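Encoded as structure tokens, the structure appears first; notes follow it.
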Amino acid sequence: MNVFEILKERGFIEQITHEEEVKALLEKESVKFYIGFDPTADSLHVGHFIQVIVMMHMQRAGHVPIALIGGGTAKVGDPSGKTDMRKMLTNETIEENGTKMLNQMRKYITLDGEKGIPANNADWLDHLNYVQFLREVGSKFNVNKMLQAECFKQRMETGLSFLEFNYMIMQGYDFLELNRRYDCKMQLGGNDQWSNIIAGVNLVRKSDQKEVYGLTFKLLTTSAGIKMGKTEKGAVWIDPEKTSPYEMFQYFRNVDDADVENCLSLLTFLPMDEVRRLGALEGAEINKAKEILAFEFTKLVHGEEEANKALEATKALFAGGGVSDNVPSTELDKSDFEEGKELLEVMVELGLLKSKGEGKRLIQQNGVSLNDEKVAEPFYKLTMADFEDGTAMIKKGKKVYHKIILK
């Protein structure tokens with residue numbers, strides 16, 4: 001099956017500039033394509049990982065991914081999907097973040113310069129002559145058309161800086177540079193990048209009279225259209241130091257029933273017949289499908305050993321099989337509890353609550369347990385008496401567990 005058909009069947013493809021031409025191109029030759037990642041954080045998150053999985057599908061089919069780190073564009077900031085300007089990062093932070101992102105990607109795709117190519121747009125954007133750039137590139141952009149783009153329209157009311165207004169031109173220029181350097185013929189990206197991708201396709205055509213193509217794929221959203229990959233503690237990160245394999249497993253073990261099939265098709269490599277079978281399960285049976293989703297994605301990201309640990313920990317807790325060593329845990333100094341410390345204060349420090357007010361409401365709803373006992377007192381203090389063998393288990397709601405270990 002053509003990789004285009006695989007991506008289409010699995011629900012990745014959202015918009016495309018020339019469907020028949022792209023399908024034919026992917027059938028007849030090994031195509032160089034690029035996906036850009038602005039290094040605004042020191043790790044990829046689950047939203048990014050959809051794009052990594054697309055690169056995996058494409059590379060397995062014999063095509064060549066160019067993993068473009070936006071070392072230059074990150075200094076400007078993409079206004080797409082943002083209500084205000086992004087925080088400005090230092091050059092050193094951007095460079096460090098980009099290196100970490102590329103190192104993460106190397107676990108999933110080959111970036112050896114032949115089967116896959118690592119690149120950084122700082123290599124050409126950082127050294128541009130501004131006047132020359134305006135004459136050669138800026139002259140090919142129509143401001144009226146740019147302002148009609150969704151990424152700009154949604155910012156016109158709150159204010160769009162001239163700095164960010166340049167982002168589309170810079171991303172378009174990336175496509176031109178990659179086409180000239182590597183004969184890159186396609187740009188892929190999330191659906192929020194459609195306007196920027198079109199800008200690049202048009203720039204290559206106007207500048208070099210070459211046909212190149214753009215394709216966007218589905219953002220990871222719930223059935224209600226809300227972006228997935230966020231928890232109370234923030235994004236679900238690929239870095240295990242930021243989001244543990246257990247926490248990642250729990251996130252996908254607890255997705256809504258309506259989102260199971262979509263997540264299985266986008267985030268795993270299970271055959272589509274199996275995806276459809278699992279997605280059609282109902283009632284208590286759908287929980288088995290969620291467990292498979294959580295296991296398969298955690299295995300893909302962190303390996304089978306970590307996925308098995310997360311599965312074992314989940315089964316131990318949900319089946320009442322006792323406390324597992326693989327449950328998230330934090331070491332705290334025993335001196336903190338010799339005179340007692342408010343449980344809700346500890347939960348806020350551990351990132352289990354945003355505020356003590358939230359915790360008080362949760363206690364009123366019988367939503368907090370300590371060592372399998374419901375906590376009824378909002379000002380309950382944790383003392384040494386609560387630690388059996390130097391540990392205490394906090395449970396928030398039905399699904400969130402955290403073990404405190406005294407040191």
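The values are calculated or read from the model by the stated rules, or taken from the named source; none is laboratory data. Note that this is a predicted model, so its numbers are computed, not measured. Here the Cβ positions follow ideal geometry from the backbone for every residue, glycine too, while neighbour counts run over all protein chains shown.
Please work out which one of (1) closer than 12 Å to Phe33 by Cα; (2) modelled with pLDDT of 95 or more is the condition Gly189 fails and give its number.
Going through the list (1) closer than 12 Å to Phe33 by Cα; (2) modelled with pLDDT of 95 or more, Gly189 breaks only (2).
Which of the residues belonging to the range 195-231 are in a loop (DSSP other than H, G, I, E, B) and aliphatic (A, V, I, L, M)? Full working, then the answer.
Let us first name the residues in the range 195-231 that are in a loop (DSSP other than H, G, I, E, B), namely 209-212, 218-220, 222-226, 228-229.
Across the range 195-231, the qualifying residues are Val212, Leu219, Leu220, Ala224, Ile226, Met228.
Being more than 26 Å from Pro245 (Cβ to Cβ), touching a helix residue (DSSP H, G or I) at 6+ places or on another chain (Cβ under 7 Å) and modelled with pLDDT under 80 narrows it down to one of Glu338, Glu345, so name that one.
Testing whether each residue is more than 26 Å from Pro245 (Cβ to Cβ), touching a helix residue (DSSP H, G or I) at 6+ places or on another chain (Cβ under 7 Å) and modelled with pLDDT under 80 leaves just Glu338.
Taking the condition of being within 17 Å of Glu331 (Cα to Cα) and in contact (Cβ under 8 Å) with a residue 24 or more places away in the chain, how many residues in the range 348-389 meet it?
Selection size over the range 348-389: 9.
Answer yes if at least one residue in the range 311-324 is part of a loop (DSSP other than H, G, I, E, B) and at pLDDT 85 or above, and no otherwise.
Scanning the range 311-324 turns up no residue that is part of a loop (DSSP other than H, G, I, E, B) and at pLDDT 85 or above.
If Thr110 satisfies all but one of (1) under 18 Å from the mean Cα position of the chain (by Cα); (2) polar (S, T, N, Q); (3) part of a loop (DSSP other than H, G, I, E, B), what's the number of the condition it fails?
(1)
Before we move on, is Ile69 within 17 Å of the chain's Cα centre (by Cα), at pLDDT 95 or above and either closer than 29 Å to Leu128 by Cβ or of a type in the set (Lys, Arg) (or both)?
Considered against the rule, which asks whether it is within 17 Å of the chain's Cα centre (by Cα), at pLDDT 95 or above and either closer than 29 Å to Leu128 by Cβ or of a type in the set (Lys, Arg) (or both), Ile69 comes out as yes.
Is it the case that some residue within the range 355-369 is surrounded by 14 or more Cβ atoms within 10 Å (Cβ to Cβ), modelled with pLDDT of 80 or more and in a loop (DSSP other than H, G, I, E, B)?
Yes, there is a match, as at least one residue in the range 355-369 is surrounded by 14 or more Cβ atoms within 10 Å (Cβ to Cβ), modelled with pLDDT of 80 or more and in a loop (DSSP other than H, G, I, E, B).
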